[in-house]
Amino acid sequence: MSHSREPMSADLLAVAAAARTAMVDRLVADGVLTDPRLRDALLRVRREVLLPHAYVRVSGPGADPIDWRLLDGSHPDDQAEWLDLVHSGDSVLLQRDGEPLDALVRGPVTGGHMTSMSTYAPATVEVLQCLDLERGQRFLDLGSGPGISLALAAAVTGPGLTTGVERAPHMRVFAQRNLDRLGLGAVVVEGDALGGHAAGAPYDRIHSGIGVPCIPLAWVEQLAPGGTLLTTLVTRTPSWPGQIRATRTPKGRLQVVLTGRPRGHRPLLGYEWLTAVNHRPQFKADPGRPRPTRLAPPDNDAYGFWIAAAYLAPGLVRDFQADTMTVVAPDEDSSAVAGPGDGTVRVHGPRDVWAELEDLHDAWERAGRPDTYRVDVPDGGGPQRVTSGPGRMALTWTLPPLATVPHQTSPSLGSCP
């Protein structure tokens, strides 16, 4: 398909506008969208311009290579399905293996891995509402991908105030071209998002679509007094991400808070997550030895506990596909499977995973069941220390430095489960 697209017909424009309105109405009805400024932006920003095509997976789970089908929004046979997908609120798959985006061919495609997709709409709305955007604010979007968040921010803050940083050259050109068609005055620069964009600093609002293991110093240095920064804190496990909110007071003091979250953005390129998938057949064949437990399976939404577990019981990952709570230590060939409310747990392997969770849960209780943590980010760099509060019962740990991860950022890859 060519990157020079014919203008949409009046009928198709009306269909797209109706789909956009329906999407916004769903977000409002679900209680996700509450900010009237963002609601207006969602109604104004034509998502179909920013997402002119979409890959649809054809293969079932576990297929290798994967079969895809590329929908071309300019082709009459694809338009109905494409518009439904673009306005469904789900992530839209856009790019395989960093490919150029100006000569894609519609139809079946085999192989490759997705290197860029849009974040699903409820997550985008949640982040932008958290940032409390206002007219006249300078906004920086790191790992901006196709530019959905950037476009919505520009519609709120005004032209010439929003900048995106994108490392993938083809995606940067694609996003800038589409943003220009919308006339929002947003700019996308090519670069490493970990360095921010000093040329436009300071920023009133900074958002990262890339999960990081700690806060890059450049980001907080580029945050204006009174400004807010929001990013996903990735851990070794995709099961228990965190969200970091950094604010700089009008007098310049930095205050950073960490909360556990059910989901977040994917990590920077090269960051290796643990996985429980490879151990499923083995643990099914040998379910482990049963023993009594004093710990009932913690609630899934006890996010303050689970984010602490990611650091204080390291090397664990949750298998959310299992029938009952299953936590795996893949590097130690160990697991724990909680019984369905019968006061027992089955442990497998040399590491008693559940004993660690029992001890940690006791410590979390003694610390007052914290759901938020303070993060100390020293001026000029140095270890970033996390604590639940004062006193000897507080939970504390240190975030791993960026130096331990390849210094390379990924395009916007949507949300992790």
Original post:
Considering the Cα trace of the range 277-375, what is its radius of gyration and what is Dmax, both in angstroms?
Top reply: 13.3, 43
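State whether the range 322-406 is rounded, prolate or oblate according to the following rule on the C-alpha gyration tensor (a ≥ b ≥ c being the square roots of its eigenvalues): a/c under 1.5 gives rounded; otherwise a/b larger than b/c gives prolate, and the remaining case gives oblate. Numbers along the way, then the final one.
Values: a/c = 3.10, a/b = 1.60, b/c = 1.93.
Oblate.
With the Cα gyration tensor of the range 131-170 giving a ≥ b ≥ c as the square roots of its eigenvalues, does the rule (a/c under 1.5 for rounded; else a/b larger than b/c for prolate; else oblate) give rounded, prolate or oblate? Could the numbers behind the result be given before it?
Numbers: a/c = 2.31, a/b = 2.24, b/c = 1.03.
Note, shape of the range 131-170 comes out prolate.
Before anything else, pin down the relative contact order of the range 250-340: Cα pairs under 8 Å, at least 6 apart, normalised by residue count, whole percent. Don't jump to the answer; show the numbers that get you there.
Numbers: 70 pairs, mean separation 25.9, N = 91.
The value is 28 percent.
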Original post:
Roughly speaking, to the nearest percent, how much of the range 162-251's 1.4 Å accessible area is carbon and sulfur?
Top reply: 54
**OP:** Give me the distance between the Cα centres of the range 299-376 and the range 208-279, rounded to whole Å.
**Re:** 21
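When DSSP beta bridges are limited to those with both residues in the chain, what percentage is antiparallel, rounded to the nearest 5?
Values: 52 of 70 bridges.
Counting DSSP beta bridges with both partners in the chain, the antiparallel share is about 75 percent.
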Subject >> Exposure of residue 66 as accessible area (Å², to 10), given a probe of 1.4 Å and all protein chains >> reply: 30
Subject >> ³J(HN,Hα) computed for each position of the range 281-286 - Karplus, 6.51 cos²θ - 1.76 cosθ + 1.60, integer Hz, glycine/proline x >> reply: x, 5, 6, 5, 6, 10
**OP:** From largest accessible area down, sort 23, 117; use a 1.4 Å probe on the protein chains.
**Re:** 117, 23
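If I take R0 = 30 Å and measure r between the Cβ atoms of residue 32 and residue 69 in this structure, what FRET efficiency does the formula 1/(1 + (r/R0)^6) give, to the nearest 0.05? The partial results should precede the final answer.
Values: r = 29 Å, r/R0 = 0.97.
With R0 = 30 Å, the Cβ-Cβ based efficiency is 0.55.
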**OP:** Between beta-carbons, use under 14 Å as the cut-off and find the net charge around residue 193, counting Lys and Arg +1, Asp and Glu -1.
**Re:** -1
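How would you classify the chain from its alpha-carbon gyration tensor, with a ≥ b ≥ c the square roots of the eigenvalues: rounded for a/c under 1.5, else prolate if a/b is greater than b/c, otherwise oblate? Display every interim value, and only then the final one.
Values: a/c = 2.01, a/b = 1.36, b/c = 1.48.
Judged from the Cα gyration tensor, the chain comes out oblate (a/c at least 1.5, b/c at or above a/b).
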Original post:
How many Å³ per residue does the convex hull of the Cα positions in the range 251-294 occupy?
Top reply: 193
Original post:
Simple spin-label model, 7 Å along Cα-to-Cβ: residue 359 to residue 286 in nm?
Top reply: 2.4
Original post:
Normalised by the number of residues in the range 116-163, what is the relative contact order in percent for Cα pairs under 8 Å and 6+ residues apart?
Top reply: 42
Subject >> Calculated FRET efficiency for the pair residue 198/residue 344, C-beta based, R₀ 41 Å, to 0.05 >> reply: 0.15
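With every protein chain left in place, what is the accessible area per residue of the chain in square angstrom, probe 1.4 Å?
Values: 18020 Å² over 417 residues.
Here the per-residue accessible area is 43 Å².
The values are calculated or read from the model by the stated rules, or taken from the named source; none is laboratory data. The structure displayed is predicted, hence computed values, not measured ones. So basically every Cβ, Gly included, is an ideal-geometry build from the backbone, and we count neighbours across all protein chains shown. Heavy atoms of the whole protein, side chains included, go into the accessibility calculation; ligands, DNA and RNA do not. Shrake-Rupley method; radii C 1.70, N 1.55, O 1.52, S 1.80 Å.
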